[in-house]
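Novice: Here you go, one structure.
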Amino acid sequence: MSLAELKELERLWAMPVYARLPVELVRGEGVWLFDDEGKRYLDFFSAFSVHNCGHCHPRIVKAIREQAGRLLGVSAVYYTEPALRLCERLARSSLGGKVFLGNSGAEANELAIKLTRRHAHARGVDEPEIVVLEGAFHGRTLGALAATPKLAREDLFGPLPRGFKPVPPDDADALRAAVGGRTAAVMIEPIQGEAGIVPIRDEVLVAAREACDEQGAVLVFDEVQTGMGRTGSLWAYEQTPVRPDLMCVSKALGGGVPIGACITNPELGDVLGPGEHGSTFSGQSLGAAAALAALDIIDDPELLRSVRVLGSRLCDGLRAMDGIVEVRGRGLMVAAVLAEGIDAEEVSARARAEGLLINVPAPSTVRMLPPLIVDESHVDQALEMLGRAVSP
Ligand SMILES: *Cc1c(COP(=O)(O)O)cnc(C)c1O
């Protein structure tokens, strides 16, 4: 189908919640995407950090093919090996407690909200509160939306769930002051992705850790975007001075297949009991097999070292570029703020014409989230194309 025909189908039948870009993508291979006319693009967007292994990685394709030919999935009321092996692998690689497998990032965060409220009620807190950071993005379902101050529009979607308390993302004292006896959890993205890649300062993370410890509240990290090697360690918290009690992951977890997970420390593993949570597709074998293959690829010291080295190369190149006034990020999660008068959407469109896909998370800001399998030459090519897009 032509792009014009697809636009007509969209106009007639698709809810208009996306401002789609005028390109039809038909195939992916490694760091490259191809459109319907055969033009190739260097993918420095990776669908918001889903394709950390690149597109159609042979090991992921093989795992999916084999699993699809054997068993797509059954209800989690039965035992299946991929799901339970994935639970073990996620817990052992991070917080060491127990795991619930879901389908998306928002659902993992919903579970974090439920679990930490359940934990607070068990401590005798009747009206538990969750402290969140302004600028955060935790998802679009009602609970996750209520935890996302920027999008929690009571006038559009109310009544929203109560019990969320936003504080500024860069104020350790305000955060400490917001945590009290009613606090069930403090929920933080260690690097805010949708805000335009805003790393939360160590001082704020330490304040959250200490305040949670004092009050018996749970420190939750939303690693939906930062996890799976994106920042140069398997999980972003490993490069901070704190360890969360509970962590939510999704996006790159399934190597491109939808899956999410909520992972606890040992103390919180049994907070939820039989019948208190569930999901039809929980632990479906297809996603679990793909996730095990994705972890095999990403949980590799050589690859993670390369993410840190190439992340520095990308940042250095951006800092040396005319028209860029600030560079933020860690590993291959990088944003560049453009000089006044340069329109980020226009830069993104010119980059696309050059053959480079990037994303615009905030005005004047472009975001780069390349597959973690990129090499030096891809980074250098991206810098060249971006340079021409910024200063045409
Ligand atoms: C994308 C994202 C979510 C939501 O994930 P979905 O799979 O779209 O529900 C939540 N938190 C963060 C940090 C994200 O980047």
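The values are calculated or read from the model by the stated rules, or taken from the named source; none is laboratory data. Just so it is clear, the structure is predicted and the values come from calculations on it, not from any experiment. Cβ: placed from backbone, ideal geometry, glycine included. Neighbour counts: every protein chain shown.
Novice: On the basis of being more than 14 Å from the ligand (Cβ to nearest atom), among the hydrophobic types (A, V, I, L, M, F, W, C), more than 27 Å from Cys315 (Cβ to Cβ) and not in a loop (DSSP other than H, G, I, E, B), does Leu205 make the cut? Working first, answer last.
Specialist: On the way: more than 14 Å from the ligand (Cβ to nearest atom): yes; among the hydrophobic types (A, V, I, L, M, F, W, C): yes; more than 27 Å from Cys315 (Cβ to Cβ): no; not in a loop (DSSP other than H, G, I, E, B): yes.
Against the criterion (more than 14 Å from the ligand (Cβ to nearest atom), among the hydrophobic types (A, V, I, L, M, F, W, C), more than 27 Å from Cys315 (Cβ to Cβ) and not in a loop (DSSP other than H, G, I, E, B)), Leu205 does not qualify.
Novice: Hey, another quick one. Whether any residue in region 171-190 is within 14 Å of the ligand (Cβ to nearest atom) and among the hydrophobic types (A, V, I, L, M, F, W, C) is what I want to check. Even if it seems obvious, please write down each step before you answer.
Specialist: At the first step, the residues of region 171-190 found to be within 14 Å of the ligand (Cβ to nearest atom) are 187-190.
Filter once more, keeping what is among the hydrophobic types (A, V, I, L, M, F, W, C): 187-188.
Yes, the conditions are met somewhere in region 171-190.
Novice: Check every one of the strands (runs of 3 or more DSSP E) wholly within region 281-392 and list those with 1 or more residues that are on the phi > 0 side of the Ramachandran plot and modelled with pLDDT of 95 or more. Write out each step before concluding.
Specialist: Details: elements: 324-330, 333-338, 359-362, 365-368.
Counting at least 1 such residues, we get 324-330.
Novice: Let me ask another. Being surrounded by fewer than 21 Cβ atoms within 10 Å (Cβ to Cβ) and over 25 Å from Val50 (Cα atoms) is the filter here; which residues of region 181-200 pass it?
Specialist: Within region 181-200, Gly181, Arg182 meet the criteria.
Novice: Within region 8-35, how many residues turn out to be assigned to a loop (DSSP other than H, G, I, E, B) and either over 23 Å from the mean Cα position of the chain (by Cα) or more than 28 Å from Asn52 (Cα to Cα) (or both)?
Specialist: 6
Novice: Which one of the conditions (1) aliphatic (A, V, I, L, M); (2) touching a residue at least 60 places away in the same chain (Cβ under 8 Å); (3) not in a helix (DSSP H, G or I) does Val77 fail to meet, given that it meets all the rest?
Specialist: For Val77, the failing item is (2).
Novice: Does Gly255 satisfy the condition of being within 14 Å of the ligand (Cβ to nearest atom) and not aliphatic (A, V, I, L, M)?
Specialist: On the way: within 14 Å of the ligand (Cβ to nearest atom): no; not aliphatic (A, V, I, L, M): yes.
It is false that Gly255 is within 14 Å of the ligand (Cβ to nearest atom) and not aliphatic (A, V, I, L, M).
Novice: Do you know which of the residues in region 93-133 that are small (Gly, Ala, Ser) and away from the ligand (no atom under 12 Å from the Cβ) is nearest to Pro266 (Cα to Cα)? Steps first, please.
Specialist: First pass over region 93-133, keeping only residues small (Gly, Ala, Ser): 93-94, 96-97, 102, 104-106, 108, 112, 120, 122, 124.
Next, from what is left, pick out any that are away from the ligand (no atom under 12 Å from the Cβ): 93-94, 96-97, 120, 122, 124.
Numbers: Ser93: 13, Ser94: 11, Gly96: 6, Gly97: 4, Ala120: 17, Ala122: 17, Gly124: 21 Å.
So the residue we want is Gly97.
Novice: Output yes when any residue across region 135-155 is assigned to a helix (DSSP H, G or I), more than 20 Å from Val271 (Cβ to Cβ) and away from the ligand (no atom under 16 Å from the Cβ), and no when none is. I'd like the intermediate steps shown before the answer.
Specialist: Of all residues in region 135-155, those assigned to a helix (DSSP H, G or I) come to 142-146, 154-155.
From the residues that got through so far, the ones that are more than 20 Å from Val271 (Cβ to Cβ) too are 142, 145-146, 154-155.
Filter once more, so that each one left must be away from the ligand (no atom under 16 Å from the Cβ): 154-155.
Among the residues of region 135-155, at least one is assigned to a helix (DSSP H, G or I), more than 20 Å from Val271 (Cβ to Cβ) and away from the ligand (no atom under 16 Å from the Cβ), which makes the answer yes.
Novice: Out of Val366, Val374, Val325, report the one residue that is surrounded by 19 or more Cβ atoms within 10 Å (Cβ to Cβ) and under 23 Å from Ala195 (Cβ atoms). So that I can check it myself, show each step before the final result.
Specialist: Numbers: Val374 fails: under 23 Å from Ala195 (Cβ atoms); Val325 fails: surrounded by 19 or more Cβ atoms within 10 Å (Cβ to Cβ).
So the residue among Val366, Val374, Val325 that is surrounded by 19 or more Cβ atoms within 10 Å (Cβ to Cβ) and under 23 Å from Ala195 (Cβ atoms) is Val366.
Novice: In this structure, does Leu90 turn out to be in contact with a strand residue (DSSP E or B) (Cβ under 9 Å, 6 or more places away or on another chain), away from the ligand (no atom under 16 Å from the Cβ) and farther than 18 Å from Gly275 by Cβ?
Specialist: Working: in contact with a strand residue (DSSP E or B) (Cβ under 9 Å, 6 or more places away or on another chain): yes; away from the ligand (no atom under 16 Å from the Cβ): yes; farther than 18 Å from Gly275 by Cβ: yes.
Taking the combined requirement at face value, the residue satisfies it.
Novice: Please indicate, with yes or no, whether at least one residue in region 280-301 is within 16 Å of the ligand (Cβ to nearest atom) and touching an Asp or Glu at 6+ places or on another chain (Cβ under 8 Å).
Specialist: So in region 280-301, the residues within 16 Å of the ligand (Cβ to nearest atom) come out as 281-282, 284, 287, 290-291, 294.
From the residues that got through so far, the ones that are touching an Asp or Glu at 6+ places or on another chain (Cβ under 8 Å) too are none.
No, that holds for no residue.
Novice: Looking at Glu194, Glu210, Glu238, which is the one that is acidic (Asp, Glu) and part of a loop (DSSP other than H, G, I, E, B)? Outline the logic, then answer.
Specialist: Values: Glu210 fails: part of a loop (DSSP other than H, G, I, E, B); Glu238 fails: part of a loop (DSSP other than H, G, I, E, B).
Among Glu194, Glu210, Glu238, only Glu194 is acidic (Asp, Glu) and part of a loop (DSSP other than H, G, I, E, B).
Novice: On to the next question. Could you give me the residue pairs with C-beta distances under 9 Å whose first residue belongs to region 138-164 and is among the charged types (D, E, K, R), whose second residue is in a helix (DSSP H, G or I) wherever it lies, and which are 6+ apart or on separate chains?
Specialist: Within 9 Å, the pairs are Arg140/Ala106; Arg153/Leu145; Arg162/Ala146.
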